[in-house]
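Below is one structure; the comments refer to it alone.
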Amino acid sequence: MKTRILALSLALAAGGAFAGDTAGFASWLDTVHKADKNSDGMLTPTEIMYYDPEAHEAGFRPFMVDHFSAWDFDGDGMVSMDEIHQGMEKAGMTDKDMSRAFFEMVGFQPPRSSQ
């Protein structure tokens, strides 16, 4: 089942490639809030699996499927907004960095240096 979900997620992400800059691309944090269907401040695997991302949110579902357990810092089976911020801080990434990473279809990578 996990393999099918991952394969589907990757296929969806591959179809969402963009050209140009990130203008109009979804904010990472806005997408997290939209995926939280019951507005409890927590993302569950079910919410992620059934979230229907728009084209400008490409990469969100595959990233969360692949990295859910790494961002579930307390191991309770849900990722809270505090854990989202903790993961971003641990990676040294801002909302803009996360959005850019998904725009470039690289998912979760450290921020690029300006050199």
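The values are calculated or read from the model by the stated rules, or taken from the named source; none is laboratory data. Values in this document were obtained by computation on a predicted structure and should not be read as measured data. A quick note on method: Cβ atoms are made from the backbone with ideal geometry, for glycine too, and the neighbour counts reach across all protein chains shown.
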> Only one residue in Ser99, Ser80 is polar (S, T, N, Q) and within 11 Å of the chain's Cα centre (by Cα), so which one is that?
Replying inline: Ser99
> Is it the case that some residue within the stretch 90-108 is of a type in the set (A, V, I, L, M), in a loop (DSSP other than H, G, I, E, B) and at pLDDT 80 or above?
Replying inline: yes
> Within the set of pairs 6+ apart or on separate chains, which have a first residue in the stretch 95-107 that is surrounded by fewer than 21 Cβ atoms within 10 Å (Cβ to Cβ), a second that is of a type in the set (Asp, Glu) and at pLDDT 70 or above, and C-beta atoms under 6 Å apart?
Replying inline: none
>> Every residue in the stretch 50-86 that is of a type in the set (A, V, I, L, M, F, W, C), assigned to a helix (DSSP H, G or I) and within 24 Å of Glu104 (Cβ to Cβ), please.
In response: Ala55, Phe60, Phe63, Met64, Val65, Phe68, Ala70, Trp71, Ile84
> Can you spot a residue in the stretch 48-60 that is at pLDDT 90 or above, among the aliphatic types (A, V, I, L, M) and under 15 Å from Ser99 (Cβ atoms)?
Replying inline: no
> Among all residue pairs at least 6 apart or on different chains, which show Cβ distances below 8 Å where the first residue, located in the stretch 29-45, is under 15 Å from Gly59 (Cβ atoms) and of a type in the set (Asp, Glu) and the second is at pLDDT 95 or above and surrounded by 20 or more Cβ atoms within 10 Å (Cβ to Cβ)?
Replying inline: none
